[in-house]
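Accompanying notes for the structure given below.
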Amino acid sequence: MTARNPWRPSRRRLTDTLLAALAPVAACGLALGGLTTWAGAGKAGSPPRIAVSSGRVFLPYGDSTETAAFFDVANRGGADDRLIEVTSPATRGGTGLSRHRVTAGGAAYKADVASAAVPAGGRLAMSPHGVDVVLRAGAGWRAGDLVPFTLRFERSAPVETFAVVVRPGGRTA
């Protein structure tokens, strides 16, 4: 019986083995880096969980039909969301989001906004001094009436709710 030479790694074999192992290690490193960036940018975690409460709409004053509605929107989830639209079948014409601003001279004005942020773990408290929903009141509204609304969000499912008609000066915040 002849003795065989024991296997010896050559430089070429070692180089080929290292190159073969490098591809999966690089792919794992790239994937880990991408996931770290994704989590660091706030895209990971639980989805937004939206709850709407305290809906109220001002009873228009005098002959005017333009008024405003307010809601408290809470986000109990781990990701930010945005309120992008509020609609109601009980209003005349469309509705829109607006924000009240004050100039350097102290004059107030209304500016239309496309959306309103609802931060993760936070809330959007609409008020006459911040974000609200502008609309034209339906015919015959009285204090105490319930008006249906649908709030639409960027990430969450639409929320159907009611707002009670209140006289200005009632609870607004």
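Within the stretch 98-109, is there a residue that is more than 25 Å from G169 (Cα to Cα), surrounded by fewer than 17 Cβ atoms within 10 Å (Cβ to Cβ), in contact with a Gly (Cβ under 8 Å, 6 or more places away or on another chain) and modelled with pLDDT under 95? Within the stretch 98-109, none of the residues are more than 25 Å from G169 (Cα to Cα), surrounded by fewer than 17 Cβ atoms within 10 Å (Cβ to Cβ), in contact with a Gly (Cβ under 8 Å, 6 or more places away or on another chain) and modelled with pLDDT under 95.
Could you check, for the stretch 12-33, whether at least one of its residues is at pLDDT 80 or above, under 30 Å from L146 (Cβ atoms) and among the charged types (D, E, K, R)? Among the residues of the stretch 12-33, not one is at pLDDT 80 or above, under 30 Å from L146 (Cβ atoms) and among the charged types (D, E, K, R), which makes the answer no.
For the stretch 123-143, the set of residues classified as over 16 Å from S53 (Cα atoms) and either at pLDDT 95 or above or not charged (D, E, K, R) (or both) consists of P128, H129, G130, V134, L135, A137, G138, A139, G140, W141, A143, listed by residue number.
Taken over the stretch 52-81, the residue count meeting the criterion of being in a loop (DSSP other than H, G, I, E, B) and either touching a residue at least 40 places away in the same chain (Cβ under 8 Å) or within 19 Å of the chain's Cα centre (by Cα) (or both) is 9. If you go through the stretch 67-76 and keep only what is buried (at least 20 other Cβ atoms within 10 Å of the Cβ) and farther than 20 Å from P168 by Cα, you end up with V73, N75.
Please specify each residue of the stretch 110-129 satisfying the condition of being surrounded by 11 or more Cβ atoms within 10 Å (Cβ to Cβ), without any contact (Cβ under 8 Å) to a residue 60 or more places away in the chain and of a type in the set (G, A, S). Within the stretch 110-129, S115, A116, A117, G121, G122, A125, S127 qualify.
On the given criteria, is R92 surrounded by fewer than 17 Cβ atoms within 10 Å (Cβ to Cβ), of a type in the set (K, R) and modelled with pLDDT of 90 or more? Spelling it out, it is not the case that R92 is surrounded by fewer than 17 Cβ atoms within 10 Å (Cβ to Cβ), of a type in the set (K, R) and modelled with pLDDT of 90 or more.
Screening R136, R101 for residues that are in contact (Cβ under 8 Å) with a residue 60 or more places away in the chain and not hydroxyl-bearing (S, T, Y) leaves exactly one candidate, R136.
The values are calculated or read from the model by the stated rules, or taken from the named source; none is laboratory data. Keep in mind the model is a prediction, meaning the values are calculated, not measured. With ideal geometry, Cβ positions are generated from the backbone for all residues, glycine too; neighbour counts draw on all protein chains shown.
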